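Novice: Dumping the structure here so I can ask a few things about it.
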Amino acid sequence: MAPVAMLLRAMSALVWMALAVAVRAETFALTSSDYTEGDTLRAAQLYYGLGCNGENISPQLAWSGAPAGTRSFAVVMEDIDAPAAIDAWHWVVFNIPAEVTELPAGSGDPKVGLLPEAIQSRSSFGDPGYAGACPPEGQGAHRYQFRVYALKVEQLALGDEAPAAEVAAQIEANKLAEAQLEVKIGR
């Protein structure tokens with residue numbers, strides 16, 4: 001066989017192998033049975049207090065396609081349009097075991113007992129667990145990002161009293177991948 005033909009055959013085989021791997025590789029993704037990207041939050045996921053009359057129920061979230069080496073997950077909800085001077089963490093959950101790929105609706109209530117291993121730290125409103133959206137009046141729609149992180153450690157050495165920003169720094173230092181779902185609401 002001529003050298004050019006052998007080279008073409010080898011290149012063709014490599015292309016097919018790369019395509020097969022790409023088809024099998026799954027993208028790390030975050031989904032919800034309650035929302036799709038860009039949806040408007042409903043009353044169930046809004047905060048109750050500070051002029052907001054929501055039900056303060058965390059939405060259902062599920063993720064798939066975590067990279068190899070994932071040892072735990074963390075989930076956050078952040079108001080990315082909050083003024084810079086305001087801490088805008090609405091939900092911070094970490095130490096979610098690697099075999100868990102879903103948080104049911106309402107699991108942000110610390111009284112429900114999310115998972116024995118998982119920790120819900122304090123939101124910007126001061127209490128642990130889910131604190132629904134409550135953007136200031138007259139600022140237009142705010143965007144809220146739910147993010148899931150695949151982490152390379154089994155646990156972050158932090159407790160439920162840890163400030164959200166400290167947890168976020170530890171998540172960033174230990175992340176393998178991240179996926180997000182963005183929703184919005186205004187008053």
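The values are calculated or read from the model by the stated rules, or taken from the named source; none is laboratory data. Just so you know, these numbers come straight off a predicted model, no measurement behind them. Ideal geometry is used to build each Cβ from the backbone, glycine not excepted, and the neighbour counts take in all protein chains shown. In case anyone asks, the SASA skips ligands and DNA or RNA and just uses the protein heavy atoms, side chains included. Shrake-Rupley method; radii C 1.70, N 1.55, O 1.52, S 1.80 Å.
Novice: Nearest 0.05, what FRET efficiency do residue 27 and residue 154 give at R0 = 25 Å with Cβ-Cβ as r?
Specialist: About 0.55, to the nearest 0.05.
Novice: Regarding the chain, what's the average projected area of the Cα-atom convex hull, expressed in nm²?
Specialist: 13.6 nm²
Novice: Additional query: Quick one: 3J(HN,Hα) in Hz for the range 163-171, Karplus 6.51/-1.76/1.60 with θ = phi - 60°, rounded, Gly and Pro as x.
Specialist: Couplings: x, 4, 5, 5, 4, 4, 5, 5, 4 Hz.
Novice: Further question on the same structure: Limiting things to C-alpha atoms, what are the Rg and the maximum Cα-Cα separation (Dmax) for the range 121-187, in angstroms?
Specialist: 14.0, 42
Novice: Can you order the peptides 94-100, 173-179 by their average number of other Cβ atoms within 10 Å per residue, highest first? Mind dumping the intermediate values first?
Specialist: Values: 94-100: 17.6, 173-179: 16.0.
Going from most to least packed, we get 94-100, 173-179.
Novice: What FRET efficiency, computed as 1/(1 + (r/R0)^6) with R0 = 25 Å and r the Cβ-Cβ distance, is obtained for residue 109 and residue 187, rounded to the nearest 0.05?
Specialist: 0.60
Novice: Counting Lys and Arg as +1 and Asp and Glu as -1, what is the net charge of the other residues whose Cβ lies under 9 Å from the Cβ of residue 98? Show your work: numbers first, answer last.
Specialist: Details: positive: 71; negative: 99, 154.
With Lys, Arg at +1 and Asp, Glu at -1, the neighbours total -1.
Novice: May I pose another question? So what is the orientation-averaged projected area of the range 56-106, using the convex hull of its C-alpha atoms, in nm²? Present the calculation step by step, with values, prior to reporting the outcome.
Specialist: Values: hull surface 18.5 nm².
Answer in nm², one decimal: 4.6.
Novice: Please give every one of the lysines within straight-line cross-link reach of residue 175, meaning a C-alpha to C-alpha distance under 17 Å, and leave out same-chain neighbours fewer than 8 residues apart.
Specialist: Qualifying lysines at Cα under 17 Å: 152.
Novice: Counting only protein heavy atoms and using a 1.4 Å probe, what share of the accessible area of the chain belongs to carbon plus sulfur, as a whole percent?
Specialist: On the way: 5670 of 9830 Å².
Solvent-exposed carbon and sulfur of the chain make up 58 percent of the total.
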